[in-house]
Amino acid sequence: MSNTSDEFGEVLQLWKEENKMPWGQLRYDTSRMNIARHIVKKKLRILDVGGGDGLDAVYYAKMGHSVTITDCSSTMLAEARKSAEKEGVSRQLTFCQTKADSFLDSLSDQTFDLILCHMMIEFAPNPQKLFKEMCNLLATSGLISILDTNRYSDVYTRAFRMNSLPEALEAVGMKEYFHPWVKRMTPRFSAGDFIEQIDQNRCSLVGHYGVLNICAYLPNELKFIPEYFDNLRELEIQLTDRYPYYLLARFFQVVVRKN
């Protein structure tokens, strides 16, 4: 089933509420820290694919970069535009509403230094095709960051957070998931699904990270205690690139460079 702009616009408030939570903020902070390891200190041309309400786009625009944000939801893009205006960075952003099955068609004549594909590739009708198209839009030595839910984490989430061993058993080997926000099945990926495509797309792997290695499996109540959360943040920073912990994080992050 293809995506519609309405289904994402309808969950805007749920998305915003989730990102305001301590664990939502930690997901953004960690993924940005991981990208910062690889980018040079210059003004970048950034593409945020399926960038939703613009949290990443506005963040990078405030750093002085030029950002193009695409999304199939007019509601999400309107929210991104409002955030950009509030932060005074509207001139540094380009907003591009796309069709749900063609995120990049209107950008074929451009190149970018950094492409973000965060928390959306599971909704792409053809993720492998999208990955190839992103690689084609990269400038030489440009970077792509893919961040999404790690399918291996579902077993741990159901066992520890949901306290349901039967559901954890059911999740072993599972490669798709009924997403409650869009009310349909969506695929689950691992980092390996994209790492194996890197060579054929003339790129190389420069970073493989886990985001929310521990946080996602702990009770949420404790995360609102400042001292506890400070310790948790430090632990997450230590584990994000440390084998084998990143393999079982709630989210995988793969950073690749154009050769």
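Computed quantities for the displayed model
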| item | result |
| --- | --- |
| Cα point-scatterer Debye curve for segment 72-169, base-10 log of I(q)/I(0) at q = 0.18 Å⁻¹ | -0.97 |
| Hydrodynamic radius of the chain per Kirkwood, over alpha carbon pairs, in Å | 18.8 |
| Student exercise, the chain dipole from Lys, Arg, Asp, Glu Cβ charges, in Debye to nearest 20 | 680 |
| Given charges at Cβ of Lys, Arg, Asp, Glu: the chain dipole, positive-most of ALA168, GLN25, VAL255 | VAL255 |
| Spatial separation of Cα centroids for segment 147-165 and segment 202-259, in angstrom | 15 |
| Kirkwood estimate for segment 1-147, i.e. one over the average of 1/r between Cα atoms, Å | 15.4 |
| Shape parameters for segment 155-259, alpha-carbon atoms, Rg then Dmax in Å | 16.0, 46 |
| Accessible surface of segment 190-229, 1.4 Å probe, proportion on carbon and sulfur as whole % | 58 |
| Protection proxy ranking, peptides 73-81, 172-180, 107-115, average beta carbon neighbours within 10 Å, highest first | 73-81, 107-115, 172-180 |
| Contact order normalised by residue count of the chain, Cα under 8 Å, 6+ apart, percent | 20 |
| Nearest-10 value in Å² for the accessible area of LYS183, using the 1.4 Å probe | 150 |
| Estimated Rh, segment 199-259: Kirkwood, alpha-carbon pairs, angstrom | 12.8 |
| Positive-pole candidate from LEU147, SER83, CYS117, dipole of segment 52-200, charges at beta carbon | SER83 |
| Antiparallel bridge percentage (DSSP; both residues within the chain; nearest 5) | 50 |
| Accessible area per residue, Å², segment 1-140 with all protein chains present, probe 1.4 Å | 47 |
| Cα-centred dipole magnitude for segment 131-259, charges only on beta-carbon of K, R (+1) and D, E (-1), debye, nearest 20 | 340 |
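The values are calculated or read from the model by the stated rules, or taken from the named source; none is laboratory data. Since this is a predicted model, take the numbers as computed values, not measurements. Please note: Cβ atoms are built from the backbone with ideal geometry, for glycine as well, and neighbour counts cover all protein chains shown. Please note that ligands, DNA and RNA were not included when accessible areas were found on the heavy atoms of the full protein model with its side chains. Shrake-Rupley method; radii C 1.70, N 1.55, O 1.52, S 1.80 Å.
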